[in-house]
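The next block holds one structure in the form of structure tokens; read it before the comments.
Quick note: the coordinates plus some simple rules give every number you see, no bench work behind them. All figures in this text were calculated on a predicted structure; none of them were measured in a lab. Note that we place each Cβ from the backbone using ideal geometry, even for glycine, and neighbour counts take in every protein chain shown.
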Amino acid sequence: MIRHFTKDDDLTPAEQAEVLALAAQLKASRHTAAAPTPLRAPNGTARTVAVLFDKPSTRTRISFSVGIADLGGAPLVIDSGTSQLGRGESVEDTARVLDRQVAAIVWRTFGQDRLEAMAAVSRVPVVNALTDAYHPCQILADLQTVAERKGALAGLTFSYLGDGANNMAHSYLLGGALAGMHVRIGSPDAFQPDPAVVKRAAEIASETGGSVQWTADAAAAADGADVLVTDTWVSMGQEDEYAARTAPFLPYAVDEPALGRAADDAVVLHCLPAYRGKEIAAAVIDGPQSAVWDEAENRLHAQKALLLWLLEQSA
Ligand code: CP
Ligand code: NVA
């Protein structure tokens, strides 16, 4: 069976733990003789992985390109504006052309339905590199970073302040619940997470010993947090809403008072790009509790582990 990663809970809790353990191993063995090269074909040629972008990217583009090369493969990075996909060729026809030639398809797009349509047709693994609804690769990297700093993930309080309705909030709910964490979302009333995602995350948490909670009270959300997280208030595709997306979020900024409410040894994450003085204060993101550069690096290791795991499972 072909395994895809369209959203966080395409992995079970045990599978997520397996991928994270593999990510730690790959990080430790990078560039050594022991590093696996599953994308190197038996005749020595590189198998190709397509990495498609319908939205801008720095980290995702770099980490997938480098990671695919590390695994012995060749990244084929395509911006949709330079492909027929950007001119309206169907997702399904694109999948049928790609899957005869590449080992996996990684795609950053708008609607989750587009990514799922690709996965429904593709005979190679399809990976979500961010949609409007989820950013599951980022969560794997974030969990790897928290595990490095804190050891075990289960039982930690993971507090996210900001836009509760965006892709990061949804993936933290699902991915954090899979890891057995207590996930708290602090956001304005008008920017609450999708109730269907909260319901699914609560179901997962009931199996893993975690919990999920939404509150409009930013101080309560940050109180005692082991991990304090935020994301931009204006996601890609929402640029026209810029003016309306500032005032409601001001109380949810991850600033020094918010960090002061978290546990003394709280770790600060931000998927980046960050807007200092908006969703996060410079003193926090550039301060001693910030793990954002490890977090950005761990995109590489976590995604290599994910690709390796998906290819093994789909063989
Ligand atoms: N965090 C993240 O996905 O960054 P990019 O948009 O630069 O890929
Ligand atoms: N929520 C942000 C994440 C960027 C990595 C966005 O979708 O733009």
Computed helical MRE - 222 nm, the chain, DSSP H runs ≥ 4 contributing -39500 (n - 2.57), nearest 500
-12500 deg cm²/dmol
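What translational diffusion coefficient, to the nearest whole µm²/s, does the chain have by Stokes-Einstein, given a Kirkwood radius computed over alpha-carbon pairs, a temperature of 4 °C and 1.567 mPa s viscosity?
In µm²/s, the coefficient rounds to 66.
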In sequence order, what are the phi-derived ³J(HN,Hα) couplings for segment 200-217 according to the Karplus relation 6.51 cos²θ - 1.76 cosθ + 1.60 with θ = phi - 60°, rounded to whole Hz, with x for glycine and proline?
5, 5, 5, 4, 5, 4, 5, 8, 9, x, x, 7, 9, 8, 10, 8, 8, 8
Measure up 278/304; 150/199; 7/55; 7/304 against 22 Å on the Cα-Cα distance and list the ones that go over.
278/304; 150/199
For residue 129, which sequence-distant residues (separation of 5 or more, or a different chain) have an amide H within less than 5 Å of its own amide H, given hydrogens modelled in the peptide plane?
107, 108, 109
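Based on the mean of other Cβ atoms within 10 Å per residue, sort peptides 68-77, 37-46, 296-305 so the most packed one is first. Kindly include the intermediate steps, with their values, before the conclusion.
Working: 68-77: 19.4, 37-46: 12.8, 296-305: 24.1.
So the peptides 68-77, 37-46, 296-305, ranked by packing, come out 296-305, 68-77, 37-46.
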So if I take the alpha carbon set of segment 72-198, get Rg, then get Rh from the Kirkwood formula, what is the Rg over Rh ratio?
1.04
Spherically averaged projected area in nm², based on the convex hull that wraps the Cα atoms of segment 55-126
4.7
In a GNM of the chain with a 10 Å cut-off on Cα contacts, which of 231, 163, 223 has the highest mean-square fluctuation?
223
Karplus ³J(HN,Hα) for segment 239-256 (6.51 cos²θ - 1.76 cosθ + 1.60, θ = phi - 60°; Hz, whole; x = Gly/Pro) runs 4, 5, 9, 3, 4, 6, 10, 10, 3, x, 8, 3, x, 9, 5, 8, 10, 5
If one computes the Cα centroid of segment 278-315 and of segment 129-163, what distance in Å separates the two points?
8
Per the C-alpha gyration tensor (a ≥ b ≥ c, the square roots of its eigenvalues), segment 190-315 is rounded if a/c is under 1.5, else prolate if a/b beats b/c, else oblate; here it's rounded
Order the peptides 54-64, 105-115, 127-137 from the highest to the lowest mean number of other Cβ atoms within 10 Å of their residues.
127-137, 105-115, 54-64
Three-way shape label, segment 230-301, alpha-carbon gyration tensor, a/c 1.5
oblate
Three-way shape label, segment 108-166, alpha-carbon gyration tensor, a/c 1.5
oblate
³J(HN,Hα) computed for each position of segment 97-106 - Karplus, 6.51 cos²θ - 1.76 cosθ + 1.60, integer Hz, glycine/proline x
6, 5, 6, 7, 10, 10, 8, 6, 10, 10
